Amino acid sequence: MAKKDFLPKILETGANELEIIDFRMYEVLDNGDIYEWILGVNVAKVREVTKKPDNIVKSPGSPPEVEGIAKIRGEIVPIVNLAKWMKIKEPEGAGKYIIVMEFLREIVGVVVHEAKRIRRIKWADIKKPPPSIEERLGGKIVGVIEIEEGKLLLLLDFEGILDELGMIKIFGVDEDIQDEEIERKGHFTILILDDSPVARKIIRQILEKDGHTVLEASSGLEGLDILNNYLQKAAQEGKNITDYIQLIVSDIEMPGMDGLTFTKKVKEHPELGRIPVIINTSLSDKATVDKAKFVHADAHLVKFDAPDLLKLVHKYAIKKQ
């Protein structure tokens, strides 16, 4: 039986699809009307949707957007009030539910007003947000999807939100990683793909501190454009693509073309397929690891662990002659 035969539909790479939880936030406007924010988050990041815990303990030193910590299924979880982060006035009695998410090696509960449904969408249907909306939510929107009746669903950049609140842990990035920990094999030119400016900044910081040259793309489509430009240059100069780019580090969740579809296209190309690809994602579940293997990614890494990233860089990057 072929591997594809027993993979669930949503795991079939090349489908370029994802499932999101459609949830709502309600804002009381100055004139008393209620505005409905239609928001979304990738199902792969979600553990569960549940009622807001009664016993939330305030954590000293936390930003005002963090209500405190609560015990959920035996684990201590920070609780983020999304309405406070959005700076909206809530209707009376709103905020009775939380979406419990797991990503970036952390579990966090986000207080929301209502969870509507699960939607299956194509990455190609996710568009860049209009500047007015992006500015309204501090640039923390990774994409916009048009749904029924011409309404817009906004996919939030929870990595960016947590970074803004000082809740992202970057393992080892502020430390000098000793030579004996990593067998360094040179300095490389590395293409990184991530739709989150925060994530690209962190990865660039880690790689440049180790002496590498970094090229950036915010989606799989942009990444392919960069690679195709270097393919043309290689043909003109009689060189191989690996003379210009020795490694690719790609996120999965990106509008237009996700990282799995991007990796599949790279690996199926006779020239581009020579470049090793590391999938670098906030998702650590087995399904994500399986998907990375299915598209023949060379390695999988959970954001953000500086020593682990550098070990994989020096293990897989093509060594220059």
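Only the coordinates and a few stated rules stand behind these numbers; no lab work does. Just so it is clear, the structure is predicted and the values come from calculations on it, not from any experiment. Here Cβ is always computed from backbone atoms with ideal geometry, including for glycine, and neighbour counts include all displayed protein chains.
Couple of notes before you dig in:
- For the stretch 179-316, the Kirkwood estimate of the hydrodynamic radius, built from every pair of different alpha carbons, is 14.9 Å.
- Highest-fluctuation residue, Ile161, Ile99, Ile56 considered, GNM on the chain with Cα pairs under 10 Å: Ile56
- Around the Cα centre of the stretch 179-316, unit charges on the Cβ atoms of Lys, Arg, Asp and Glu (plus for the first two, minus for the last two) sum to a dipole of about 240 debye.
- From the C-alpha gyration tensor of the stretch 244-299, square roots of 5λ in Å: 18, 11, 11
- Chain lengthening between Leu29 and Asn55 when straightened (0.36 nm per residue, less Cα-Cα): 6.4 nm
- 5 angstrom amide H check on Val46, placed H, neighbours 5+ away: Glu102
- Along each principal axis, Cα extent of the chain, largest first, Å: 67, 47, 44
- Förster-model FRET efficiency, 56 Å R0, Lys116 and Asn228, C-beta, rounded to 0.05: 0.90
- Using C-alpha pairs under 8 Å with a sequence gap of at least 6, the mean separation divided by the residue count of the stretch 179-316 gives a relative contact order of 25 percent.
- Computed over the chain: relative contact order in percent, which uses C-alpha pairs under 8 Å that are six or more apart: 17
- Each residue of the stretch 47-56 is assigned a 3J(HN,Hα), and the resulting list reads 7, 6, 10, 9, 6, 4, x, 6, 9, 10 Hz, derived from the Karplus form 6.51 cos²θ - 1.76 cosθ + 1.60 (θ = phi - 60°), x at Gly and Pro.
- Going by neighbour counts of Cβ atoms within 10 Å, the residues Lys96, Lys293, Lys45 line up, fewest first, as Lys96, Lys293, Lys45.
- Spin-label pair Lys319-Asp125: with each label point 7 Å from Cα along the Cα-Cβ axis, the two points sit 4.8 nm from one another.
- Cα centre as origin, Lys/Arg/Asp/Glu Cβ charges: the chain dipole, Debye: 740
- Sum of -39500 (n - 2.57) over DSSP H runs of 4+, divided by residues of the chain (222 nm, nearest 500): -7000 deg cm²/dmol
- 5 angstrom amide H check on Tyr97, placed H, neighbours 5+ away: Lys52, Val112
- Judged by the ratio a/c of the largest to the smallest principal axis of the C-alpha gyration tensor, the stretch 3-164 counts as oblate, that ratio being 1.5 or greater while a/b is no larger than b/c.
- Across the stretch 108-266, Cα-Cα pairs more than 29 Å apart make up 31 percent of the total.
- Ranked by the mean number of other Cβ atoms within 10 Å per residue, highest first, peptides 140-153, 239-252 order as 239-252, 140-153.
- In order through the stretch 197-202: 3J(HN,Hα) via Karplus (6.51 cos²θ - 1.76 cosθ + 1.60), integer Hz, x for Gly, Pro: x, 5, 5, 4, 4, 5
- Computed from phi, the 3J(HN,Hα) profile of the stretch 110-126 under the Karplus parametrisation 6.51, -1.76, 1.60 (θ = phi - 60°) reads 10, 6, 10, 8, 7, 9, 8, 6, 9, 10, 9, 9, 9, 4, 5, 8, 8 Hz, with x in place of Gly and Pro.
- Given charges at beta-carbon only (K, R positive; D, E negative), |dipole| of the stretch 21-76 in Debye: 480
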